[in-house]
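Below is one structure; the comments refer to it alone.
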Amino acid sequence: MGQKYKKNEIKLEKLQKEIDGLEDVLDEIDKLENVSDKSNEKSTIIVSLKNYVLFRQMSIFEFKIITSVKGAMDGKNNSSETYGKTIIGDGRGWINNLDSWTMLILSDKIFKDNKEFEINSLASFMYFFNKIIKINNTELKEYFKTNYSGDWFELIKSLTKKRNELTHDLHDTNFPIKDLRYIQNLMQIFCYSFERVLDVLMLQIGNHETNSKSLQRFEETSDNMSEYNAEFVKSEIFYNLINENYKKNFKITGTVIRLNHTKGFGFIEREGGDDMFVHKSDVDGFINEGDKVTCSILVVKKGSEFKLNAKNVKKIQ
């Protein structure tokens, strides 16, 4: 585990140089905009620099995802032809393939370790990732929530679209400098977090120890997130989220709320988690508002948002 993180630190140092370079460009844009405002003249250089920053920001997001997933597949195998390099290739189509790639990694890990853990094949890694990161800066958190629903996948997908418009349709990016700085901060949080979350998930999945070395190490690294105005959730929450998202038919308890018998649906409220939608077709027997129930969770993506559906709902007698 320690060697893995040392290797990550080396990668992060190289990546940080790229990020620092973008910070310098953003500073130059700031200076040019001040000059432009005073002279009341629009500068094409500013537009070009903003286009460059957005292009590089998206490239760094993409690079981090692809290299992290390849690294998780290949481990210490540095051959010219590897499992990860063959499956992922140049990374095209990663937006549609990320969940299937991570599922392949986790299933392989469970099989190799002979762990008795039946995995939920419909689980989404990016939904899981959203639950692990907490942004502490109020302005940044509000920007992320307002513009991207607080969803990392939605952020990256939106930036990918912007980059494609930039390269294929020659559309300029119209982001204000403040927005580009917000994206820069989010990118730093993501680059620090993505590989660590994936690594610990691989080590911890199927492990019933709630105080394992991998979870301890994970919680220790949360202190370094303060530099980026963010933190990881506590290790016990991380452990619970693994089971909730990745363990097939994992049972939780909750209380029935906002139940509409006429329309045949309602919601289940649970402590420390989001409310879940429940349809009458997923209820075993009959329930009323206020009833305590057990159920399993199905994460579904509707449009740009993830929703939780309750399945196999049973009243606690």
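The conditions are (1) hydroxyl-bearing (Ser, Thr, Tyr); (2) surrounded by fewer than 19 Cβ atoms within 10 Å (Cβ to Cβ); (3) in contact with a helix residue (DSSP H, G or I) (Cβ under 7 Å, 6 or more places away or on another chain), and Ser281 fails exactly one of them. Which is it?
All conditions pass for Ser281, except number (3).
For every residue, the table says whether it meets (1) acidic (Asp, Glu); (2) more than 16 Å from the chain's Cα centre (by Cα); (3) closer than 27 Å to Glu23 by Cβ.
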{"position": "Leu155", "(1), (2), (3)": "no, no, yes"}
{"position": "Leu159", "(1), (2), (3)": "no, no, yes"}
{"position": "Glu195", "(1), (2), (3)": "yes, no, yes"}
{"position": "Lys213", "(1), (2), (3)": "no, yes, no"}
{"position": "Asp223", "(1), (2), (3)": "yes, yes, yes"}
{"position": "Glu236", "(1), (2), (3)": "yes, yes, no"}
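Find the strands (runs of 3 or more DSSP E) located wholly in region 199-317 whose residues include 2 or more that are farther than 30 Å from Phe144 by Cα, and list them.
252-260, 292-302, 305-315
Restricting to region 175-189, and then to whatever is in contact (Cβ under 8 Å) with a residue 60 or more places away in the chain and more than 18 Å from Asp223 (Cβ to Cβ), can you tell me which residue is farthest from the chain's Cα centre (by Cα)?
Here is the first cut: in region 175-189, the residues in contact (Cβ under 8 Å) with a residue 60 or more places away in the chain are 175, 177, 180-181, 183-184, 187-188.
In the following step, the residues that additionally are more than 18 Å from Asp223 (Cβ to Cβ) were identified as 175, 177, 180-181, 183-184, 187.
Working: Phe175: 23, Ile177: 25, Leu180: 20, Arg181: 20, Ile183: 15, Gln184: 16, Met187: 12 Å.
This residue is Ile177.
Please tell me if Glu62 is within 28 Å of Leu170 (Cα to Cα), at pLDDT 85 or above and of a type in the set (Asp, Glu).
Values: within 28 Å of Leu170 (Cα to Cα): yes; at pLDDT 85 or above: yes; of a type in the set (Asp, Glu): yes.
So Glu62 passes the test.
Any residue that is small (Gly, Ala, Ser), over 24 Å from Leu241 (Cα atoms) and not in a loop (DSSP other than H, G, I, E, B) - is there at least one of those in region 102-124? Write out each step before concluding.
Going through region 102-124, the residues small (Gly, Ala, Ser) turn out to be 107, 121, 123-124.
Right, trim to over 24 Å from Leu241 (Cα atoms) and you get none.
For region 102-124, residues small (Gly, Ala, Ser), over 24 Å from Leu241 (Cα atoms) and not in a loop (DSSP other than H, G, I, E, B): absent.
I want to confirm something. Restricting to region 69-96 and keeping residues that are among the basic types (Lys, Arg) and assigned to a loop (DSSP other than H, G, I, E, B), which single residue is nearest to Lys112 (Cα to Cα)? Before the answer, list the steps.
If we filter region 69-96 for residues that are among the basic types (Lys, Arg), which is where we start, we get 70, 76, 85, 92.
When the remaining residues are screened for being assigned to a loop (DSSP other than H, G, I, E, B), the result is 76, 92.
Details: Lys76: 16, Arg92: 28 Å.
Filtering region 69-96 for residues that are among the basic types (Lys, Arg) and assigned to a loop (DSSP other than H, G, I, E, B), the one nearest to Lys112 (Cα to Cα) comes out as Lys76.
From the list Leu166, Leu106, which one is more than 17 Å from Val200 (Cβ to Cβ) and either surrounded by 14 or more Cβ atoms within 10 Å (Cβ to Cβ) or of a type in the set (Lys, Arg) (or both)? Can you show your working first?
Numbers: Leu106 fails: more than 17 Å from Val200 (Cβ to Cβ).
Selected residue: Leu166, the only one of Leu166, Leu106 that is more than 17 Å from Val200 (Cβ to Cβ) and either surrounded by 14 or more Cβ atoms within 10 Å (Cβ to Cβ) or of a type in the set (Lys, Arg) (or both).
Scan region 169-186 and give yes if some residue there is in a loop (DSSP other than H, G, I, E, B), surrounded by 20 or more Cβ atoms within 10 Å (Cβ to Cβ) and either touching a helix residue (DSSP H, G or I) at 6+ places or on another chain (Cβ under 7 Å) or modelled with pLDDT of 85 or more (or both), otherwise no.
From region 169-186, those in a loop (DSSP other than H, G, I, E, B) are 169-176; that's our starting set.
Narrowing the set further to residues that are surrounded by 20 or more Cβ atoms within 10 Å (Cβ to Cβ) leaves none.
Looking for residues that are in a loop (DSSP other than H, G, I, E, B), surrounded by 20 or more Cβ atoms within 10 Å (Cβ to Cβ) and either touching a helix residue (DSSP H, G or I) at 6+ places or on another chain (Cβ under 7 Å) or modelled with pLDDT of 85 or more (or both), one finds none in region 169-186, hence no.
For region 227-247, give me each residue that is more than 25 Å from Met103 (Cα to Cα) and without any contact (Cβ under 8 Å) to a residue 24 or more places away in the chain.
If the condition is that a residue be more than 25 Å from Met103 (Cα to Cα) and without any contact (Cβ under 8 Å) to a residue 24 or more places away in the chain, then Glu227 is the only one that fits.
Please name all residue pairs, on different chains or six or more residues apart, with Cβ atoms under 7 Å, provided the first residue is in region 303-317 and is under 17 Å from Ser124 (Cβ atoms) and the second residue is polar (S, T, N, Q) and modelled with pLDDT of 80 or more.
Qualifying pairs under 7 Å: Ser304/Ser149; Glu305/Ser149; Phe306/Ser124.
Identify the residue in region 99-137 that is among the hydroxyl-bearing types (Ser, Thr, Tyr) and under 19 Å from Ile237 (Cβ atoms) and, among all such residues, is nearest to the chain's Cα centre (by Cα). Full working, then the answer.
To start, the set of residues in region 99-137 that are among the hydroxyl-bearing types (Ser, Thr, Tyr) comprises 100, 102, 107, 121, 124, 127.
Checking which are under 19 Å from Ile237 (Cβ atoms) leaves us with 124, 127.
Values: Ser124: 9, Tyr127: 6 Å.
Among those residues, the one meeting the criterion is Tyr127.
Could you list all residues from region 204-248 that are among the hydrophobic types (A, V, I, L, M, F, W, C) and modelled with pLDDT of 85 or more?
From region 204-248, those among the hydrophobic types (A, V, I, L, M, F, W, C) are 205, 215, 218, 225, 230, 232-233, 237-238, 241-242; that's our starting set.
Of everything in region 204-248, those that are among the hydrophobic types (A, V, I, L, M, F, W, C) and modelled with pLDDT of 85 or more turn out to be Ile205, Met225, Ala230, Phe232, Val233, Phe238, Leu241, Ile242.
Name the residues in region 284-297 that are surrounded by 12 or more Cβ atoms within 10 Å (Cβ to Cβ) and free of Cβ contacts under 8 Å to residues at least 40 places away in the same chain, would you? Show your work before the answer.
At the first step, the residues of region 284-297 found to be surrounded by 12 or more Cβ atoms within 10 Å (Cβ to Cβ) are 284, 287, 289, 291-297.
Answer for region 284-297, where residues must be surrounded by 12 or more Cβ atoms within 10 Å (Cβ to Cβ) and free of Cβ contacts under 8 Å to residues at least 40 places away in the same chain: Asp284, Ile287, Glu289, Asp291, Lys292.
The values are calculated or read from the model by the stated rules, or taken from the named source; none is laboratory data. All of these numbers come straight from a predicted model, not from anything done at the bench. Here the Cβ is made from the backbone with ideal geometry for all residues, glycine too, and neighbour counts use every protein chain on show.
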